[in-house]
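The next block holds one structure in the form of structure tokens; read it before the comments.
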Amino acid sequence: MTPARPLLPLAVLLLASCAGAPSPGVPAATRAEWAERAQGFFACRSYARVNEFLDRIRPLPPRRPRSGGGGAYQLPGRPMVFDDLFPLDGTFDLYVVWNGKGPEDGARSLEVVGFGDLKPRIPPEYYEPVLALHRSPTPRDAWSVDPVLLVRAVNALRALGPRARAALAAYVELDRGLSFEERRKYAIDVYRILPVLQLLGPSPRAFGVGGAGGLADPGPALWPLFPLAVEQGVPFLVQTEYLAAGPGEDVSKRLGAALEVRAEPLEPAGNPAEAAEALMASPRWGALLEASDPWNPKQTARGAKDLKMLVRTQALAALASVYRPPDDFVPKNCCEDPSEGAWRQVLEDVRALGVRWDPGRQDFVRSR
């Protein structure tokens, strides 16, 4: 890590300061170039200024979120640490440790990192599928789920056939071989394996990360992949909260001696916005809202609204490479539901684009 801000020429400092006008079309960069560009981060004293600064210096691809992780943690005998992980481009991230709880106290250190740093720890023949797995969504954060990244991971592992188990095990071993700080810095999360396993093989088994997921399982007849649902080939994760209830599941126990994989690749058949509508109009959606168990009552009106917004948010994430909704649609937080009229406009816009799945690109494309 960089313990203190290095001295840079005045011109560089002015260019990289937290204030200033946006600079569109910024190209990707090497690690050293990113480290230099990021120095202005030290002057940012709010998340609003942080985002403005990052939007100015990074060419963020559609499939990378604005924020990649962080929060707070405390190891035995050490003070609390507050950190954040910000994607920079398709390769590198900026790992930030704050002096206090966040930007208002200033950054203590910045480090440019990338999953490629860990390549020597992964068997070469499994690196690409493990990378696809690492980029796939974690059930710890359903609001950041991108269905396309989940499809890509499933298909990359399916292509390995019987060797898919070894690739999944390589990610588990990578996790075990890293320190807590390293796992956090690189956003290593073995729970990414759980949604992939639901779609990869013929024997799905319901999962909940460390406790209740905010809603009850309606049963295998209607929800065989719970808490996932696949509609028109598009996977959605219906999980609105994470309640810690002791140690999380040992994911490695789901990797038996033999792992049977699906015969055909997962290929969405419709556009994600219409798939979301079809899911929410189906009988299984009603069953989901009515389901209850000892830990989760049936959904309230607010809970039903949040679930609807969650599925729509994931549909928009899947469309990121071909469609961006109007600015007045985008919610200010995870639970602010835009108007039904705005969503209807999204449906019309997406239909007009003729969105379809391209197996070669492993992404949605426009046909008109």
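The values are calculated or read from the model by the stated rules, or taken from the named source; none is laboratory data. Note that the structure is a prediction, hence the values are computed from the model and not measured. Here the Cβ positions follow ideal geometry from the backbone for every residue, glycine too, while neighbour counts run over all protein chains shown.
The table below gives the values:
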item: Tally, over region 237-254, of residues that are surrounded by fewer than 17 Cβ atoms within 10 Å (Cβ to Cβ), at pLDDT 75 or above and not basic (Lys, Arg); result: 3
item: Hits in region 98-120 (condition: among the aliphatic types (A, V, I, L, M) and over 14 Å from CYS44 (Cβ atoms)); result: VAL112, VAL113, LEU118
item: Of all residues making up region 2-54, the number that are modelled with pLDDT under 60 and surrounded by 13 or more Cβ atoms within 10 Å (Cβ to Cβ); result: 8
item: Output for region 122-138, where each listed residue is more than 9 Å from the chain's Cα centre (by Cα) and of a type outside the set (Ser, Thr, Tyr); result: ILE122, PRO123, PRO124, GLU125, GLU128, PRO129, VAL130, LEU131, ALA132, LEU133, HIS134
item: Options LEU168, LEU150; residue that is crowded, with 19+ Cβ neighbours inside 10 Å and either assigned to a loop (DSSP other than H, G, I, E, B) or within 15 Å of the chain's Cα centre (by Cα) (or both); result: LEU150
item: Candidates ARG284, ARG262, filtered to the one that is outside the structural domain of VAL154 (by TED's automatic domain parsing) and modelled with pLDDT of 90 or more; result: ARG262
item: Single condition VAL196 does not satisfy, out of (1) modelled with pLDDT of 95 or more; (2) surrounded by fewer than 20 Cβ atoms within 10 Å (Cβ to Cβ); (3) not basic (Lys, Arg); result: (2)
item: Residue that is modelled with pLDDT under 95 and outside the structural domain of ASN51 (by TED's automatic domain parsing), where the choices are VAL151, VAL209; result: VAL209
item: Among (1) in a loop (DSSP other than H, G, I, E, B); (2) in the same structural domain as LEU215 (by TED's automatic domain parsing), the one test that HIS134 misses; result: (1)
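Residue-wise test of (1) touching a residue at least 60 places away in the same chain (Cβ under 8 Å); (2) more than 30 Å from GLY341 (Cα to Cα); (3) not acidic (Asp, Glu).
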| position | (1), (2), (3) |
| --- | --- |
| GLY248 | no, yes, yes |
| GLY256 | yes, yes, yes |
| ALA263 | no, yes, yes |
| PRO272 | yes, no, yes |
| ALA276 | no, no, yes |
| GLY286 | no, no, yes |
| PRO294 | no, yes, yes |
| ARG302 | no, no, yes |
| ASP306 | yes, no, no |
